[in-house]
Amino acid sequence: MTLVIIICRHIVQRDCHMDLTPVLRPYFINVARRTDKWAALGDVVQLRQLRGMLCRASETEIGRKYGFKELSRLDNPYQEFSHRVPLVAYEDIRQDVMRMIRGEKDVLWPGRCVNFAQSSGTSGGKSKYIPITKDSLYRCHYKGARDSVAHYLRQNSSSRLFSGKSLILGGSFANELELNGLKAKVGDLSATLINKINPFINLFRVPGKRIALMPDWREKLPALVEASSKENVTSLSGVPSWFLTVCKEVMKSREAHSVSEVWPNLEVFFHGGISFAPYRSEYMRITDSSKMNFVENYNASEGFFAVQNDMSDPAMLLTIDNDIFYEFLPLSGDSALPIWEIEKGCVYELVITSSNGLWRYRTGDTVRIENTASVKITVAGRTKCFINAFGEELMEENAERAIETVCLKTGSSVLNYTAAPVYAKDGKRGRHQWLIEWGTAPADISEFARMLDEELRSLNSDYDAKRMNTIFLDPLEISEVPKGVFDRWLQSVGNGKLGGQRKVPRLSNDRRIADAVEELIGNI
């Protein structure tokens, strides 16, 4: 591969308009083929990952505490590993991570970690700082991005992906910590990925590092538009909500009706971070649907977990050879399961052990198992992102599916939304309030609300039971949110900064977010 890189760099420097896809395709096809063996060898691959990480971390503090050296010598260390090492949430390791940020070495992973991803998650609360070790960066995050491209090229024989550039939307190193005198760099995961990226990739990427890492989106957005609008962009990569704003600004700057008018060779959007469902119709409207493809990735600050290896199947292939050992915690239990014990159709909380020093770490994400041979999953939501104020147990997965369906039926689109309970008061029953920022508003918002309510009832039996004959729960209501208000809320919880990886929680079991958004609306 090194020789191919040297040749490609030479070709690009001489002729920036040449399509290098035929040159690079064989390498990527070979990358994708290795996953064909996982159906028969999934348990073997996963145990190899676990033993390798136990061995490498055996002389760390946590390794000595739990006897990783001894465990790494076992053919199947899982049972003893799961017995010795407890399941943990972020708050259980916060102090250890802060020690790592201050420069202590050999705490959760060998050596000194100097990169950390700041993440508030999707359930609010204090920021988390996820270690990004060299191993996790190269064996997981970059490897996952490569896998996504590999599976896309394997499926799309007509692709000309490397005939142009990828517009990659990243964050910055803005953070909430006082780091004076420390060598650690803390910020969005994407900032570290861009900062450490192989220089060869920069030949196929826009914007440049200076613009990509700008912390202030008021300066960054026009710079992004200026840097990308005249390039030959063939792919997009980022979070759907933020990218939609960028695309519309690009269209505005060129007085175009679609982003495909600006970038006629645009063929794929590699997206992740939040559900694509509410945004699909809007992206279909502003791109050339005859050649545009949408590929979902499950990439988080904690790791690059899964890739969509079949564009006709929304389920994603769990990447099991990327320095992560996966466990799955039943929502009603306290004993996690390895991949060889999970059941198709069940929803579990994802638990990971990884080379960024997260050991049996509860991610807070829930996934549905769609296939158990080569494990394929869909993201169900967050363990803390739900509404159960009236016994209705409405989950994020229900909300995303319902709003996508109703948007398609009404020809509308949503830029952002959040929902929260409204409690019984003044003789009125409780209900749900949906605060929605429209991309394209429906002709009749009250009819949209009625259809959304009906769709939720069809998807969730508990919600339907509480809505039955309007005895316990009134129909939901929709409140329109002016454009820009959700961005202002994100700034208010993000130390005054916007970022390409910060997200609006979809469902909340209390009114803190809804009330804050309504207060911002009232101050307009």
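Computed values, structure above
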| item | result |
| --- | --- |
| The range 259-284 - residue that is at pLDDT below 95 and outside any helix (DSSP H, G or I) and, of those, surrounded by the most Cβ atoms within 10 Å (Cβ to Cβ) | G272 |
| Scope the range 146-169; condition among the charged types (D, E, K, R) and open to solvent by 10 Å² or more (accessible area, probe 1.4 Å); matching residues | R146, R154, R160, K165 |
| Leading residue by the ranking (modelled with the lowest pLDDT) among those in the range 475-491 that are open to solvent by less than 30 Å² (accessible area, probe 1.4 Å) and part of a loop (DSSP other than H, G, I, E, B) | G484 |
| Cβ-Cβ under 8 Å pairs, at least 6 apart or on other chains, the range 35-64 side farther than 19 Å from A306 by Cβ and of a type in the set (S, T, N, Q), far side open to solvent by 20 Å² or more (accessible area, probe 1.4 Å) and not in a helix (DSSP H, G or I) | T60/D106; T60/P110 |
| When residues of the range 434-451 are limited to those that are in a strand (DSSP E or B) and touching a helix residue (DSSP H, G or I) at 6+ places or on another chain (Cβ under 6 Å), the one nearest to C247 (Cα to Cα) | G439 |
| Selection from the range 325-348 of residues that are open to solvent by 10 Å² or more (accessible area, probe 1.4 Å), in contact with a helix residue (DSSP H, G or I) (Cβ under 9 Å, 6 or more places away or on another chain) and at pLDDT 95 or above | A336, I339, W340 |
| Qualifying residue in the range 285-306 (condition: assigned to a loop (DSSP other than H, G, I, E, B) and in contact (Cβ under 8 Å) with a residue 60 or more places away in the chain) | yes |
| Residue, least open to solvent (accessible area, probe 1.4 Å), within the range 170-193, restricted to residues that are out of contact with any strand residue (DSSP E or B) (no Cβ under 7 Å at 6 or more places or on another chain) and of a type in the set (A, V, I, L, M, F, W, C) | A191 |
| Residues (in a helix (DSSP H, G or I) and either open to solvent by less than 10 Å² (accessible area, probe 1.4 Å) or over 26 Å from L329 (Cα atoms) (or both)) located in the range 70-118 | L71, F81, V97, M98, R99, M100, I101 |
| Of all residues making up the range 120-136, the number that are open to solvent by less than 20 Å² (accessible area, probe 1.4 Å) and at pLDDT 85 or above | 6 |
| Subset of the range 381-419 [crowded, with 20+ Cβ neighbours inside 10 Å, closer than 16 Å to K466 by Cα and in contact with an Asp or Glu (Cβ under 7 Å, 6 or more places away or on another chain)] | F386, E392 |
| Candidates N371, N322 - the one that is surrounded by fewer than 19 Cβ atoms within 10 Å (Cβ to Cβ) and touching a Lys or Arg at 6+ places or on another chain (Cβ under 7 Å) | N371 |
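The values are calculated or read from the model by the stated rules, or taken from the named source; none is laboratory data. On a predicted model such as this, the values are computed, not experimentally measured, just so you know. So basically every Cβ, Gly included, is an ideal-geometry build from the backbone, and we count neighbours across all protein chains shown. Please note that ligands, DNA and RNA were not included when accessible areas were found on the heavy atoms of the full protein model with its side chains. Shrake-Rupley method; radii C 1.70, N 1.55, O 1.52, S 1.80 Å.
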